[in-house]
Amino acid sequence: MSAATVAVQLDAAELEELQRTARLLLAHPLVTDVHPRPGALAQVRRWRVVLGNEMHRVLGYRLDVGPRCARLYRRSATVSPHRGARTATGRALGRWGYTFLCLVLAALERLGGQTTVSELAEEVARLRAGDERLPVDLTRYDQRRAFVDAVAWLETRGVLTLRDGAAERWLAAAEEGGDALYDVDADTASRLLVSSPSVLREVEAVADFLADRYASGEDAQRQRVRHRLARRLVEGPVVLYEALPADELDYVRQRRTRLMADVERLTGCPVEARAEGLALIDANVEPLADPFPTRGTVAHAALLLIEPLVRAATREEVGPRVPFDHERFDVEASVWRPVTAEELRTAWTGIFATHRARFSAEHRADPEGLLAAAVSLLERLGLARRTGAEDGGALLAGPALARYRPRVSVSGADGQLTLLDGP
């Protein structure tokens, strides 16, 4: 059943719910009774057949709905350092966190319906025994921290349900008796660890994980290109033409309208086509990725940086706000425009002096840390790039920055920064 057929057969309310469920799965590829919220799994179950078909047709993804969870098996279009798993507190799992996540899932296959953190640690140590390429040492605090982060990630998603104790007590090795008792959801755990060792035989670099098998025919190869472009949009969500390989750029030139229509029907989000690329404009309540603009000191600081960054990148006063200010960015050369370290420093000094009282106490005490976090957020959103440590903090400003130039008001007893004119 195609998306166009769905749109005809469903009334407006049903179509909106279908699209809301699609956004839910794209933002949270693992859905359980408790994650990302109660009731989400029932929502996915209602649309499992239609969504399974459409996710496969538009994106080449596979939807698997089991007794206790639903998982969207995705193959990314690009390698990115910004899409990694994070704990509920926002801490990235990192290399060791991912290592322990895989080891803990493997350990859960051997354990029963209940386990403790200490039992998991013992099974993890047993699993890696004899493999010197994996120097696991849970007497080291950094590895214990990563192990607990992996356990917490599984707990947040309902794979592990805490019954007694706390994993953080086990983390403090000096505290005797620190442990935690968990119920194990074996169905969900099994759907998180599905690859056999044979899958890794052809993997020699991170980029090899992106490889997807398609038939050799012309239609199959055209489908591969279409899937990669659609994935770029839902992952990005800004797709710049200059970053596309020749086959994807040719497809966009010839079949852009169909691609945009497919993604819009599936997600309910409009796709903008501009001189320098495409953008999926995610203004829905349930976003596909990190919402922006949003609350919090880091997000506010990043938003305040945008106006001076665009001004510096264009080297002139900015005019009326327009989506993708392509008239001010030189699309004939590169759409990325340089902002020097001095220009960034001048902009940040003014912003911090003006809005310091509105920032949290933690960030008032560390303005450099706040600037780094704000730039990292813009980088994660694909709006800016660092040019390298040797440039002393210089940036490249992307054309999509112009879409987010804000008008900001300070109001309320807590000095809340308010976005008056959103993207």
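No value in this document is a laboratory result; all are computed from the given coordinates. Source: prediction; values computed, not measured. For neighbour counting, all protein chains shown are included, and Cβ atoms are generated from backbone atoms with ideal geometry for every residue, glycine included.
Below, the figures for the structure above:
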| item | result |
| --- | --- |
| Prolate/oblate/rounded label for segment 94-192 (Cα gyration tensor, a/c 1.5) | oblate |
| In Hz, Karplus ³J(HN,Hα) per residue of segment 141-150 (6.51, -1.76, 1.60; θ = phi - 60°; x = Gly, Pro) | 5, 4, 6, 4, 4, 5, 4, 5, 4, 5 |
| Amide hydrogen neighbours beyond the local backbone of residue 277, cut-off 5 Å, H modeled | 241 |
| Backbone HN-Hα couplings from phi across segment 295-311 [Karplus 6.51/-1.76/1.60, Hz, Gly and Pro as x] | 7, x, 4, 5, 5, 5, 4, 4, 5, 5, 6, 5, 4, x, 5, 5, 4 |
| From phi via Karplus (6.51, -1.76, 1.60), per-residue ³J(HN,Hα) for segment 188-193 in Hz, x at Gly/Pro | 5, 4, 5, 7, 8, 10 |
| C-alpha center-to-center spacing [segment 38-96, segment 254-288] in angstrom | 19 Å |
| Distance in nm between pseudo-label sites at residue 139 and residue 255 (7 Å out along the Cβ direction from Cα) | 5.9 nm |
| Stretch gain in nm, segment residue 163-residue 346, where the contour uses 0.36 nm per residue and the Cα spacing is subtracted | 60.6 nm |
| Ranked list, fewest to most other Cβ atoms within 10 Å of each Cβ, for 54, 122 | 122, 54 |
| Residues with amide H under 5 Å from that of residue 114, placed H, sequence gap 5 or more | 184 |
| DSSP-loop GluC sites (Glu not before Pro) across segment 200-241, with at most 11 other Cβ within 10 angstrom | 204 |
| Estimated inter-spin distance, residue 272 and residue 183, nm [label 7 Å along Cα→Cβ] | 4.7 nm |
| Long-range HN-HN contacts of residue 30 with modeled amide H, under 5 Å | 72 |
| Global form of segment 3-73, assessed from the alpha-carbon gyration tensor, a/c cut-off 1.5 | oblate |
| Mean shadow area of segment 204-280, taken as a quarter of the surface of its Cα convex hull (nm²) | 5.7 nm² |
| R0 of 45 Å, Cβ-Cβ distance residue 122-residue 14: FRET efficiency to nearest 0.05 | 0.35 |
| Packing rank of 301-308, 207-214, where each peptide gets the mean count of other beta carbons within 10 Å, highest leading | 301-308, 207-214 |
